[in-house]
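Right, one structure below, let's go through it.
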Amino acid sequence: MLGYGLIVTERDSLTLRPRCLQVGRSTEQGDHEQLKELYSSGNLTVLANDSLLHQDPVQLDFHFRLTPQASAHWHGLLCDHRLFLDIPYRALDQGNRESLTATLEYVEEKTDVDSVFVNFHNARNDRGALLRAFSYMGFEVVRPDHPALPPWDNVIFMVYPLERDCCHFCSKPS
């Protein structure tokens with residue numbers, strides 16, 4: 001159990017962590033301690049590992065406080081201006097929707113991420129509901145052989161492209 005009141009189970013664990021980072025860490029308390037607070041405002045706290053200073057993929061964990069006793073938790077991995085998020089169990093609950101909105105707002109306002117990818121196993125019982133809900137929020141299904149994706153079997157990826165002004169630094173008033 002993490003310090004935020006959520007029990008992380010195998011189905012909640014970050015799909016990307018073992019395959020992309022290959023660090024062999026678990027999602028138990030020891031893993032949480034290796035993350036450092038990167039940002040905190042309102043109900044959202046963002047934690048990151050020490051790779052933030054290197055060119056390696058960066059683990060980002062987004063904690064959204066729902067109540068004093070409960071939080072929604074999204075595991076993420078930042079690679080080459082792309083953020084990959086694992087869809088947690090019960091992602092369609094109201095609290096998780098609010099936490100995803102806060103996470104997307106943080107990513108758009110505070111990072112240089114161009115695309116946010118969510119992923120889930122295609123055998124999930126709630127697959128249809130996830131596809132509908134994320135499509136409604138602006139995510140699009142990505143074909144499995146897309147070059148930005150890891151070559152995984154049995155995983156569905158959806159992408160939310162962030163609209164960036166390519167000259168946003170040029171257009172600021174002096």
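The values are calculated or read from the model by the stated rules, or taken from the named source; none is laboratory data. Bear in mind the structure is a predicted one, so any value in this text is a computation, not a measurement. All Cβ positions, even for glycine, are placed from backbone atoms using ideal geometry, and neighbour counts span all protein chains on display. For the accessible areas, the whole protein counts, side chains as well, though only heavy atoms, and no ligand, DNA or RNA atoms are used. Shrake-Rupley method; radii C 1.70, N 1.55, O 1.52, S 1.80 Å.
Things worth noting here:
- Charge dipole magnitude, Cβ of K and R +1, D and E -1 - region 35-161, Cα centre, debye nearest 20: 440 debye
- Report note on the peptides 129-136, 72-79: ranked by the mean count of other C-beta atoms within 10 Å, highest first, their order is 72-79, 129-136.
- Heavy-atom accessible surface of region 35-161: percent carbon and sulfur, 1.4 Å: 47 percent
- The 3J(HN,Hα) values that the Karplus relation (6.51, -1.76, 1.60; θ = phi - 60°) gives for region 68-85 are, in residue order, x, 9, 9, 9, 8, 9, 10, 8, x, 9, 9, 9, 6, 6, 10, 10, 9, 10 Hz. Gly and Pro appear as x.
- Gyration tensor verdict on region 35-161 (Cα atoms; rounded if a/c is under 1.5, prolate if a/b is larger than b/c, oblate otherwise): oblate
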